[in-house]
């Protein structure tokens, strides 16, 4: 069983990982969605969200974009990171399960703000 965390905004992958309004947690077993829950983002504090999502049982993060510091913390907690995702949550999860998720680049909508962004891709399968 996998638990995937996705930063979301109105049912879509949010453009900014840390400042998304909510996270959708999706449990997947045998390539089938078992359960899906939406939780409020508890706040954007340095280093907090990777640990918070780890405590929620996430072993994979699918995001549009993510800074290097967050990715490193996820790596330290043995949580795989997939970046470059966009679109409706259901479509993203189904594409991911079918190994068809387009993750060509780390999509950061705030690149000019001095954040260091990672452009590598993980695979949670």
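Quick notes
- The one condition in (1) in contact with a strand residue (DSSP E or B) (Cβ under 7 Å, 6 or more places away or on another chain); (2) under 12 Å from residue 16 (Cα atoms); (3) surrounded by 13 or more Cβ atoms within 10 Å (Cβ to Cβ); (4) modelled with pLDDT under 85 that residue 121 fails to fulfil: (2)
- Comparison of 74, 17 shows that the only residue that is under 21 Å from residue 101 (Cα atoms), in contact with a helix residue (DSSP H, G or I) (Cβ under 6 Å, 6 or more places away or on another chain) and surrounded by 14 or more Cβ atoms within 10 Å (Cβ to Cβ) is 74.
Yes or no, residue by residue, for (1) exposed (fewer than 14 other Cβ atoms within 10 Å of the Cβ); (2) closer than 15 Å to residue 24 by Cβ:
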{"residue": "57", "(1), (2)": "yes, yes"}
{"residue": "60", "(1), (2)": "no, yes"}
{"residue": "80", "(1), (2)": "no, no"}
{"residue": "90", "(1), (2)": "yes, yes"}
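- Hits in segment 1-31 (condition: in contact (Cβ under 8 Å) with a residue 24 or more places away in the chain and under 20 Å from residue 45 (Cβ atoms)): 5, 6, 7, 8, 14, 15, 16, 17, 18, 19, 23, 25
- Lone unmet requirement of (1) surrounded by fewer than 19 Cβ atoms within 10 Å (Cβ to Cβ); (2) at pLDDT 95 or above; (3) touching a helix residue (DSSP H, G or I) at 6+ places or on another chain (Cβ under 7 Å) for residue 24: (1)
- Filter result (within 13 Å of residue 17 (Cα to Cα) and within 12 Å of the chain's Cα centre (by Cα)) within segment 40-66: 49, 50, 53, 61, 62, 63, 64, 65, 66
The values are calculated or read from the model by the stated rules, or taken from the named source; none is laboratory data. If you're wondering where the values come from, they're calculated on a predicted model, not measured in any experiment. Cβ: placed from backbone, ideal geometry, glycine included. Neighbour counts: every protein chain shown.
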